[in-house]
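First the structure, in the form of C-alpha cells, and then the observations on it.
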Amino acid sequence: MELAAAANGSDLSDTLERLLRLIREVSTVGDVSTTAAAVLSRLGRNGPQRVTDLAQAEGISQPAMSQLLNRLEHDGLIMRATDAADRRSVLIELSEHGAGVIQARRTQRARLLDAALGRLEVADRCAITTALPALSRLVDTMLGS
C-alpha cells in the first residue's frame, strides 16, 4: 500500500482534535472565550461583518452573538459602524486593541509550537514541513475555497 493511501479521516481527525484542544488551552492572551477568540479572528481575516453573519458563521443564536459582541465592545476589542451600503445595518469590526489581542494569541501559539518542534527529531520536523501545504489544501477544500 502506498503511504499516501494510508491516510484516513479518522486518524487525521483524532490528531487534529488533540492539536486544536492543546492550542485552545494555551491561547490565554486577552482572557477571551474560545467563541470570542473565533469571532475576533474571523473579523481579522474577513473584515467587518453583520451580527447575523457572525452568528451564523459561529453556529450560535443572534441574541447570544449580540451579548458576546456587547462584552467585546465593552472590553474595547470591537467597534460598531454603520454599513455604508445599508444605513439601517450595523457592521462589527475589529478594533486596534482586538487586533493586538489576536496577534498576541498567534504569537503565543507560535512560540509554543516552535518549542515543541525543537524537541522533535529532524525527520519529524521535515515530515511536518512537507505536510503543511497538503494540510492547507485540505482546509481550503473543506472550506470550498
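The values are calculated or read from the model by the stated rules, or taken from the named source; none is laboratory data. Model, not experiment: these values are computed from the prediction. Glycine also receives a Cβ, built like all others from the backbone with ideal geometry; neighbour counts cover every protein chain displayed.
Which of the residues belonging to segment 72-89 are surrounded by 14 or more Cβ atoms within 10 Å (Cβ to Cβ) and under 17 Å from Leu54 (Cα atoms)? Within segment 72-89, Leu72, Glu73, Leu77, Ile78, Met79 qualify.
Here's the yes/no breakdown for (1) more than 17 Å from the chain's Cα centre (by Cα); (2) touching a residue at least 12 places away in the same chain (Cβ under 8 Å):
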| site | (1), (2) |
| --- | --- |
| Asn46 | no, no |
| Ser66 | yes, yes |
| Arg80 | yes, yes |
| Thr130 | yes, no |
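You will find that of Arg88, Arg45, Arg21, the residue that is of a type in the set (Lys, Arg) and not in a helix (DSSP H, G or I) is Arg88 and no other.
If you go through segment 13-33 and keep only what is basic (Lys, Arg) and under 30 Å from Asp75 (Cα atoms), you end up with Arg21, Arg24.
Looking at this structure, is Thr35 among the hydroxyl-bearing types (Ser, Thr, Tyr), assigned to a helix (DSSP H, G or I) and surrounded by fewer than 16 Cβ atoms within 10 Å (Cβ to Cβ)?
Values: among the hydroxyl-bearing types (Ser, Thr, Tyr): yes; assigned to a helix (DSSP H, G or I): yes; surrounded by fewer than 16 Cβ atoms within 10 Å (Cβ to Cβ): yes.
Yes.
May I ask you to verify whether Ile92 is in contact with a Gly (Cβ under 7 Å, 6 or more places away or on another chain), at pLDDT 95 or above, of a type in the set (Val, Ile, Thr) and surrounded by 14 or more Cβ atoms within 10 Å (Cβ to Cβ)? Considered against the rule, which asks whether it is in contact with a Gly (Cβ under 7 Å, 6 or more places away or on another chain), at pLDDT 95 or above, of a type in the set (Val, Ile, Thr) and surrounded by 14 or more Cβ atoms within 10 Å (Cβ to Cβ), Ile92 comes out as no.
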